[in-house]
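Report on one structure; see the data block that follows.
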Amino acid sequence: MSHPHRILQMGPLMPGLEARLAAEFDLQRLDTQPDAEAWLAEHGAGIVGMATSAVHGCSAAQIAALPDLKVVSSFGVGLDRIDLPAAARRGIAVGYTPDVLNDCVADLAMALLLDVARGVSAADRFVRRGEWLERRFRLGRRVSGARLGIVGLGRIGRTIAQRATGFDMPTRYHSRRPVAGVPWPHEPQLLELARWADYLVVITAGGAGTRHLVNAEVLDALGPEGFLVNVSRGSVIDEAALVKALQEGRIAGAGLDVFDREPHVPGELMQLDNVVLLPHMASGTVETRHAMADLTFDNLQAFFREGRVRASAL
Ligand code: NDP
């Protein structure tokens with residue numbers, strides 16, 4: 001059987017997705033090449049599609065090295081590592097996997113919020129260390145009825161806000177533009193939102209536009225009784241300022257799924273018992289990852305069959 005379309009895979013993907021791609025296309029892998037740049041220079045021409053992920057991305061240099069590239073399909077919703085302007089300039093279609101992960105990312109944001117407020121992970125460590133035999137675990141903070149500030153009311157932010165209604169949490173949000181048709185008040189100033197909130201959940205897009213949006217000033221506005229949850233991108237938080245604020249007790253705690261230099265987590269954070277650290281796993285359920293794999297595949301297949309990706313990032 002001939003495979004008319006040559007596709008370049010940028011990094012490891014789910015085995016089932018790799019198998020489907022290999023069955024449907026002439027699949028080449030860049031990440032297993034000893035010298036990716038040299039390989040691209042020799043084999044870049046003729047590659048018409050790319051299968052990548054939010055982690056592996058697609059740079060302007062890689063796009064430039066692929067003169068016949070027509071479509072990029074990315075596993076994930078984050079676009080901070082995909083050079084969209086470079087793709088748009090060449091008229092390259094870019095597919096991604098929005099919406100199918102909203103529920104599971106929102107669920108994990110709530111799990112982090114509950115954990116950091118009530119000390120679930122810390123209490124588990126306490127029991128395992130045998131400390132329950134000697135004393136009681138510290139008191140947590142109430143979640144139900146507390147004020148929730150959401151930074152970024154996009155697809156996932158809205159899903160988190162819906163979850164919070166079940167906890168009777170008054171909810172407000174900050175984003176550059178107010179969202180029409182939602183019941184939650186928009187707060188144009190992030191500092192004001194942080195001052196108001198008991199819990200600040202960050203779920204904006206990553207990239208240059210949101211770099212260090214949550215800085216020392218925002219953390220001080222959140223204050224010693226306030227908790228931070230980040231499920232967006234590590235770059236959105238000034239990590240050094242966060243470490244300092246936590247060490248000095250200027251905020252009450254943090255639940256973090258994402259970091260600046262993943263998979264490296266600052267050692268200072270590991271020392272703190274009021275911090276919950278997760279390995280970038282917010283979308284990581286069997287159901288959601290399969291849905292993301294299906295959409296990654298469908299985006300490529302639809303492009304070659306119908307001339308357009310199912311879910312376009314452009
Ligand atoms: P959307 O594009 O639907 O929402 C992004 C939101 O961010 C919008 O409300 C947007 O509003 C806001 N935003 C963008 N720039 C700024 C800014 N400078 N200041 C304030 N708000 C801003 O994306 P999703 O909800 O689908 O996903 C959000 C992000 O979550 C993804 O980009 C990804 O990085 C991250 N993510 C993390 C996962 C994980 O595993 N931890 C899994 C999935 C996603 P406006 O434009 O009006 O400012």
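Readers should treat all values here as calculations from the given coordinates under stated rules, not as data from a laboratory. None of these values were measured; they are calculated from a predicted model. With ideal geometry, Cβ positions are generated from the backbone for all residues, glycine too; neighbour counts draw on all protein chains shown.
Quick one: order H174, H56, H264 by neighbouring beta-carbon count within 10 Å, fewest to most.
H264, H56, H174
Rounded to the nearest 500 deg cm²/dmol, what is the calculated helix-only ellipticity per residue at 222 nm for the chain, with -39500 (n - 2.57) per DSSP H run of length n ≥ 4?
Value at 222 nm, helices only, nearest 500: -10500 deg cm²/dmol.
Considering only V236, V105, V179, give the residue with the highest GNM mean-square fluctuation for the chain, with springs between Cα atoms whenever their separation is below 10 Å.
Between V236, V105, V179, it is V179 that shows the largest mean-square fluctuation.
Considering only R261, R289, R211, give the residue with the highest GNM mean-square fluctuation for the chain, with springs between Cα atoms whenever their separation is below 10 Å.
Looking only at R261, R289, R211, the largest GNM fluctuation is found for R261.
If R0 is 45 Å, what FRET efficiency do you get for E306 and K244 from their C-beta distance, rounded to 0.05?
Computed FRET efficiency for E306 and K244 comes out at 0.30.
Provide M292, M169, M270, M281 in ascending order of the number of other Cβ atoms located within 10 Å of each residue's Cβ, fewest first.
By the 10 Å Cβ count, ascending: M270, M281, M169, M292.
Restricting to DSSP loop positions (anything but H, G, I, E, B) with no more than 13 other Cβ atoms inside 10 Å of their own Cβ, which GluC sites (Glu not before Pro) remain in the stretch 147-249?
Answer in residue order: E225, E248.
Label L277 and R147 with points 7 Å out from Cα along Cα→Cβ: what is the distance between them in nm?
Spacing of the two 7 Å Cα→Cβ label points: 3.1 nm.
Among the trypsin sites (Lys or Arg not before Pro) in the stretch 138-171, which ones are in a DSSP loop with at most 12 other Cβ atoms within 10 Å of the Cβ? Mind listing them?
R138, R142
Could you tell me which residue out of S53, V201, T285 lies farthest along the dipole of the chain toward its positive end? Charges go on the beta carbon: Lys and Arg +1, Asp and Glu -1, centred on the Cα centre.
V201
Can you sort K70, K244 from fewest to most other Cβ atoms within 10 Å of each residue's own Cβ?
Going from least to most buried by this count: K244, K70.
At 0.36 nm per residue, and after removing the present C-alpha to C-alpha distance, how many nm does the segment from R138 to E262 gain when stretched out fully?
Result for the pair: 41.6 nm of gain on full extension.
So what is the relative contact order for the chain, in percent, with contacts set as C-alpha pairs under 8 Å and at least six apart?
17 percent.
How big is D for the chain, in µm² s⁻¹ as a whole number, if Stokes-Einstein is applied with the Kirkwood radius of its Cα pairs at 4 °C and 1.567 mPa s?
D = 62 µm²/s.
What distance in nm separates the two pseudo spin-label positions at D68 and D294, each 7 Å out from Cα along the beta-carbon direction?
About 3.2 nm, to one decimal.
Sum up the charges of everything whose Cβ sits under 9 Å from the Cβ of V48, counting Lys and Arg as +1 and Asp and Glu as -1, but leave V48 out.
Overall, the nearby charge balance is +1.
Could you work out the local net charge near H186, counting Lys and Arg as +1, Asp and Glu as -1, over the other residues with Cβ closer than 13 Å to its Cβ?
Net charge around H186: +2.
Could you state the angle between the C-alpha long axis of helix 286-306 and the longest principal axis of the C-alpha atoms of the chain, as a value from 0 to 90 degrees rounded to the nearest 10?
30
Compute the Rg to Rh ratio over the stretch 113-155 from the alpha carbon atoms, using the Kirkwood formula for Rh, and round to two decimal places.
Here Rg/Rh amounts to 1.17.
What is the helix-to-structure angle for 15-24, meaning the angle in degrees between its Cα long axis and the longest Cα principal axis of the chain, kept from 0 to 90 and rounded to the nearest 10?
The two axes meet at around 20 degrees.
So between A216 and T285, what do we pick up on full extension, going 0.36 nm a residue minus the alpha carbon distance?
Contour length minus the Cα-Cα distance gives 21.5 nm.
Tally Lys/Arg at +1 and Asp/Glu at -1 over every other residue whose Cβ is under 15 Å from the Cβ of A93; what's the total?
Result for the local shell: +2.
Evaluate Rg over Rh across the stretch 102-277, taking Cα atoms for both radii and Kirkwood's formula for Rh.
Using Cα coordinates only, the ratio equals 0.96.
Rounded to the nearest 0.05, what FRET efficiency do V55 and R89 give with R0 = 22 Å and r taken as the Cβ-Cβ distance? Could you check?
The calculated FRET efficiency here is 0.40.
How long is the gain from D168 to M270 if the chain were fully straight, where each residue apart is worth 0.36 nm and the alpha carbon distance is subtracted?
Net length gain for the segment: 33.5 nm.
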